[in-house]
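Every number in this text was worked out from the coordinates using simple rules, so none of it is lab data. Because the structure is a prediction, the values reported are computed rather than measured. As a convention, Cβ positions derive from the backbone with ideal geometry for all residues, glycine included, and neighbour counts pool all protein chains shown.
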């Protein structure tokens, strides 16, 4: 069931422009008390909420229409960003009374994501680069999904991605544990999806892109492609990783 609430909406944007869905419903339990009353995307990074850096990158890439899903502490993000007009954006919010999962959030946002392709940004990662070349790559390949990937030291609790020399994804394993034979390339928290994905997501209930939808799409023969992240991935899953990011993170000029 869709539980949708829209804060005051910015002026209508032109039809046909690229849109983005930001996943911001989770609690970030591995961060402990840091995320107890604040959505993880609103934790400060270099003096600003990390979500603010992502929205700035979207605006720079001329992406003006954004949908954000909410669940944990659902007023924090709308109270900060409002309808998005102060940030040069139009933001709609979808409040989930129960967590729907990453794919369930995509399904829930379908009325606001008409047309294809569209971006899905995991809210606990920082978009610190221009995604437009990736979108062009996705369109040129006629892919059903293009998943941004990055090499990390420990992929055990992430979504591991295997792909060939043409960047066609062959295997997607969510949180595989210690399996070094799978390599170290992981889902880096950003993907471009074609509207075909809506036909692959169950109509109701919890559904996760990494755990079920991407593997099922591969089994059906859908074309999923990898796109290496042009900058190192900033992981913010634990207090230690968050502290390290505070010391080292910077947005490129």
(Q) Limiting things to C-alpha atoms, what are the Rg and the maximum Cα-Cα separation (Dmax) for the range 36-110, in angstroms? (A) 12.4, 34
(Q) What distance in nm separates the two pseudo spin-label positions at residue 112 and residue 241, each 7 Å out from Cα along the beta-carbon direction? (A) 2.6 nm
Q: Could you list 137, 164 in order of exposure, starting from the residue whose Cβ has the fewest other Cβ atoms within 10 Å?
A: 164, 137
Q.
Please rank 222, 237, fewest neighbouring Cβ atoms within 10 Å first, as an exposure proxy.
A. 237, 222
Q.
Using 10 Å bins from zero, what percent of all Cα-Cα pairs in the range 160-208 falls into each bin?
A. 19, 44, 31, 6
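Using the Cα atoms as the points, what is the convex hull volume per residue of the range 73-127 in Å³? Before the final figure, lay out each step's value.
Values: hull volume 6.3 nm³, N = 55.
Hull volume normalised by residue count: 115 Å³.
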Q. Taking the Cα centre of each part, how many Å lie between the range 149-180 and the range 203-240?
A. 10 Å
Q) Summing -39500 (n - 2.57) over the DSSP H runs of n ≥ 4 in the chain and dividing by its residue number, what mean residue ellipticity at 222 nm do you reach, to the nearest 500 deg cm²/dmol? A) -5500 deg cm²/dmol
**Q.** Relative contact order (percent, whole number), the chain, Cα cutoff 8 Å, 6+ residue spacing
**A.** 23 percent
Q.
For residue 175, project a label point 7 Å along Cα to C-beta. Then give me every residue of the range 205-243 with its amide nitrogen under 11 Å of that point.
A. 211
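Note the per residue figure in Å³ for the convex hull of the C-alpha positions in the range 100-253. Spell out each step's value before the answer.
Working: hull volume 19.4 nm³, N = 154.
In the range 100-253, the Cα convex hull volume per residue is 126 Å³.
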